[in-house]
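Peer 1: Take a look at this one; I'll ask things after.
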Amino acid sequence: MFFWIVQRDLLLAMRRRSDVLTTLFFFVIVVSLFPLSVGPEMNMLRMMAPGVVWVAALLASMLSLGRLFSNDYLDGTLEQMLLSSQSLSILVLGKALAHWLVTGVPLVLMAPVLGIQYDLPVDALFVLTTSLLLGTPVLSLIGAIGAALTLGLRGGGVLVSLLVLPLYIPVLIFGAGSVEADMAGLDYDAHLSLLGAFLLVSIVFAPWAAASSLRVSME
Amino acid sequence: MAINWYKYASPASFYSLAGRMIPFFAILAFGLLVAGLYIGFFVAPTDFQQGEAYRIIFIHVPAAWMSMFLYVVMALWAGIGLAFNTRLSSMMATAIAPTGAMFTFVALWTGSLWGKPMWGTWWVWDARLTSELILLFLYIGFMSLQAAIDDPRRADKAGAIIALVGVINIPIIYFSVQWWNTLHQGASVSVTQAPTMASTMLTGMMVMVFAAWMYAIAVILKRVRVIILERERHTAWVSELNERGAL
């Protein structure tokens, strides 16, 4: 069931490839806007890079949350999934994984390129990519709760940002913090370990919370 | 004497109970407020480091404490409402949110007013200020989610889930902000007060905390009465009240 959901969502995403690319280009454009607004001094850009890339990743991941459940909700598939005898939490976990594969992984792959734009040293690029690799699944999982709660509401897109962004803060702090620690010559293991801890906790709890949110929204 | 507590889980009977409790808490809040402000402004000595400006503590600390306390109480009521499907508990949670957000805002506002004479700046990205700001965001998220949902039962449950997710996240957010702050080597100023405080200052502050608490109870009961009336307007007991001219 789990793999079936992942496979199905990936297939649907591949049928509509422009959606995936929109998120990715949003990420690239937001990151590229910063040098234009604050000026091209390399020293400052290098200092800002981790924060800018992470905030852009947060926004990009959040903007694509609407697609997580809404298409299935509109064509009635979601109702059938709720009626099925399978565990809804597993199903939500599958959908979150598919969401991460479609939106998170491209961001992770694109991040080193954007880091080069900001003149990050090579080992910082490595830390940036690793932190995004650990952090973006957490964004998809927490975002699933917000997406489930705002399902079918008017103005849901803006509302989901109010709900989800405050909850993203710890991920942002340690994600950007790991790269900054590395550039300051400090140890970044602790940051990455904490990101890993967030990932494990959210794998356990977020699908469950999102599943009950879906039940609330669909009744 | 055994009191049937479940009786007051019904909005109809709680409505009249709340009506009788409001004057009690309102008078208590007013009395404590007058006493607390008197101690704060006339009895408590001038601080030798901070001068007169420290007196904002009598508003600031109660507001900050209440803002955090009310979020936990709100999540508690919301959780009870979600678990036992009791309508009144969810109404309590909805009624608490605006008061909690108000106290959070007051804490931030007075904090920045205090910061200006003490540290020479309105705002520092100190761990406590930052987490208080995030608390305000959480309150706003809760209220806007409930406002966006038309069906009150769905609004209750959705709000309960986000409140509970928030309450689990608060310690995580608090510690991550604290570590973030120390990692950044922080601003050179700290909010931490001198550990010793004149006992009259402490008395004044505690009296003000109780005043804020009683005020919160009175206002929340008032608001929950309005919410009960709004939700129950089609029921027989409300129209009965209306006929008697008791609304």
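The values are calculated or read from the model by the stated rules, or taken from the named source; none is laboratory data. What you see is a predicted model, and the numbers here were worked out from it, not measured in a lab. Positions of Cβ are backbone-derived with ideal geometry, glycine not excepted, and every protein chain shown enters the neighbour counts.
Peer 1: Which residues, taken from the range B:71-130, are within 25 Å of B:Ala160 (Cβ to Cβ), touching a helix residue (DSSP H, G or I) at 6+ places or on another chain (Cβ under 7 Å) and without any contact (Cβ under 8 Å) to a residue 12 or more places away in the chain?
Peer 2: Within the range B:71-130, just B:Ile80 meets the criteria.
Peer 1: Next question. Which residue out of A:Ala147, A:Ala111, A:Ala124, A:Ala98 is within 14 Å of A:Val31 (Cβ to Cβ) and aliphatic (A, V, I, L, M)?
Peer 2: A:Ala111
Peer 1: Next question, about the same structure. Quick one: in the range B:22-68, of everything that is of a type in the set (Val, Ile, Thr) and in contact with a helix residue (DSSP H, G or I) (Cβ under 7 Å, 6 or more places away or on another chain), which residue is modelled with the highest pLDDT?
Peer 2: My answer is B:Ile22.
Peer 1: Another one. Going by what's in this entry, would B:Thr104 be described as under 17 Å from the mean Cα position of the chain (by Cα) and surrounded by fewer than 21 Cβ atoms within 10 Å (Cβ to Cβ)?
Peer 2: no
Peer 1: Just name the residue that is nearest to the chain's Cα centre (by Cα) out of those in the range A:199-215 that are surrounded by fewer than 22 Cβ atoms within 10 Å (Cβ to Cβ) and in contact (Cβ under 8 Å) with a residue 24 or more places away in the chain.
Peer 2: It comes out as A:Leu199.
Peer 1: While we're on this one: What do you reckon, is A:Phe25 modelled with pLDDT under 90, in a helix (DSSP H, G or I) and either buried (at least 16 other Cβ atoms within 10 Å of the Cβ) or hydrophobic (A, V, I, L, M, F, W, C) (or both)?
Peer 2: No.
Peer 1: If you take the residues in the range A:128-161 that are of a type in the set (Val, Ile, Thr) and surrounded by fewer than 24 Cβ atoms within 10 Å (Cβ to Cβ), which one is farthest from the other protein chains (Cβ to nearest Cβ)?
Peer 2: Top of the filtered list is A:Thr129.
Peer 1: Restricting to the range A:162-177, what's the tally of residues that are at the interface with another protein chain (Cβ under 8 Å from one of its Cβ atoms) and within 13 Å of the chain's Cα centre (by Cα)?
Peer 2: Total meeting the criteria: 3.
Peer 1: If a residue has to be buried (at least 21 other Cβ atoms within 10 Å of the Cβ) and within 10 Å of chain B (Cβ to nearest Cβ) to count, how many in the range A:181-194 make the cut?
Peer 2: So the count comes out to 3.
Peer 1: In the range A:36-57, what residues are buried (at least 16 other Cβ atoms within 10 Å of the Cβ) and free of Cβ contacts under 8 Å to residues at least 24 places away in the same chain?
Peer 2: Result: no residue meets the conditions.
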